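K.L.:
Handing you this structure, nothing more for now.
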Amino acid sequence: MNFDALTEEHLDALREVSNIGVAHAATALSQLIGKNITLQVPKVLMTDIKKVPEVFGGAERIVVGIYLQMLGDARGNILIVLPRESALRLLSRLLPKEKSEGALLTELEISALKEVGNILASAYLNALGALMRKTLIPSVPVLSFDMAGAVIDYVLIELGEVGDLALMVETEFFGEDEKISGQFFLLPDPESLALILNAIGVKL
């Protein structure tokens with residue numbers, strides 16, 4: 001399915017499906033860190049993925065990017081982005097005795113953040129898969145601790161779609177004191193997008 005053919009009805013349906021998926025992911029993160037996590041209603045937008053760093057405050061802002069592939073009956077990609085400050089606050093809750101000073105992450109911290117990405121992606125895909133009556137699983141996560149521009153460059157290489165439009169489902173989540181925030185992006189393949197819409201009963 002060509003992304004250009006999407007109507008407002010299609011986008012509304014994807015927004016609703018993603019709302020359910022991200023709610024599951026937020027619950028999983030809440031249980032992991034012992035704090036309430038709230039989320040914004042997802043935005044569903046078509047964008048040039050090269051412009052995504054603007055969402056994070058510019059290409060030079062340091063972020064943690066956790067990238068996973070969506071595997072199983074539908075294909076696509078998931079990118080979870082945490083500003084550096086939020087990633088370090090999250091780590092302080094997960095690993096209170098580990099001190100990296102934030103310049104470089106230790107192996108234990110990298111492993112912990114990858115596990116956070118895996119938990120969030122699994123919760124999202126379990127909810128989406130249940131709605132679709134399909135099996136969806138995340139790949140092993142890849143983590144980047146770099147400038148936002150470099151993180152997106154890595155995703156572009158993996159996608160092999162330099163300059164192409166991508167459908168992005170974006171949501172923001174916050175800790176109860178707003179000290180932990182991040183963004184969750186779903187980038188479905190065009191073929192899988194049609195599969196998702198068909199499965200939830202939206203006419204193409």
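The values are calculated or read from the model by the stated rules, or taken from the named source; none is laboratory data. Remember, predicted model here, so these are calculated numbers, not experimental data. Here the Cβ positions follow ideal geometry from the backbone for every residue, glycine too, while neighbour counts run over all protein chains shown. Quick note on the areas: whole protein, heavy atoms, side chains included, nothing else; ligands and nucleic acids left out. Shrake-Rupley method; radii C 1.70, N 1.55, O 1.52, S 1.80 Å.
K.L.:
Return the pairs, sorted by first residue and then second, in which the second residue is assigned to a strand (DSSP E or B), the first residue lies in the range 35-46 and is under 8 Å from Val169 (Cβ atoms), the beta carbons are less than 6 Å apart, and the residues are 6+ apart or on different chains.
P.N.:
So the pair list comes out as Pro42/Val169; Pro42/Thr171; Lys43/Glu170; Val44/Val169.
K.L.:
All but one of (1) at positive phi; (2) modelled with pLDDT of 80 or more hold for Val63, so report the exception by its number.
P.N.:
Tallying (1) at positive phi; (2) modelled with pLDDT of 80 or more, Val63 fails exactly one: (1).
K.L.:
If you don't mind, there's one more thing I want to ask. Quick test of your reading of the structure: Leu104 fulfils all but one of (1) open to solvent by less than 50 Å² (accessible area, probe 1.4 Å); (2) over 30 Å from Val202 (Cβ atoms). Name the failing condition by number.
P.N.:
With respect to (1) open to solvent by less than 50 Å² (accessible area, probe 1.4 Å); (2) over 30 Å from Val202 (Cβ atoms), Leu104 is out only on (1).
K.L.:
Looking at Lys35, Lys97, which one is out of contact with any helix residue (DSSP H, G or I) (no Cβ under 8 Å at 6 or more places or on another chain) and of a type in the set (Lys, Arg)?
P.N.:
That would be Lys97, the only listed residue that is out of contact with any helix residue (DSSP H, G or I) (no Cβ under 8 Å at 6 or more places or on another chain) and of a type in the set (Lys, Arg).
K.L.:
Look through Gly21, Gly57 and report the one residue that is open to solvent by 30 Å² or more (accessible area, probe 1.4 Å) and not charged (D, E, K, R).
P.N.:
None of the other options fit; the residue is Gly57.
K.L.:
Would you please name the residue that is modelled with the highest pLDDT, looking only at residues in the range 127-159 that are in a loop (DSSP other than H, G, I, E, B) and over 16 Å from the mean Cα position of the chain (by Cα)?
P.N.:
Thr135
K.L.:
Could you run through the range 54-71 and say how many residues are of a type outside the set (A, V, I, L, M) and either closer than 18 Å to Val142 by Cα or free of Cβ contacts under 8 Å to residues at least 40 places away in the same chain (or both)?
P.N.:
4
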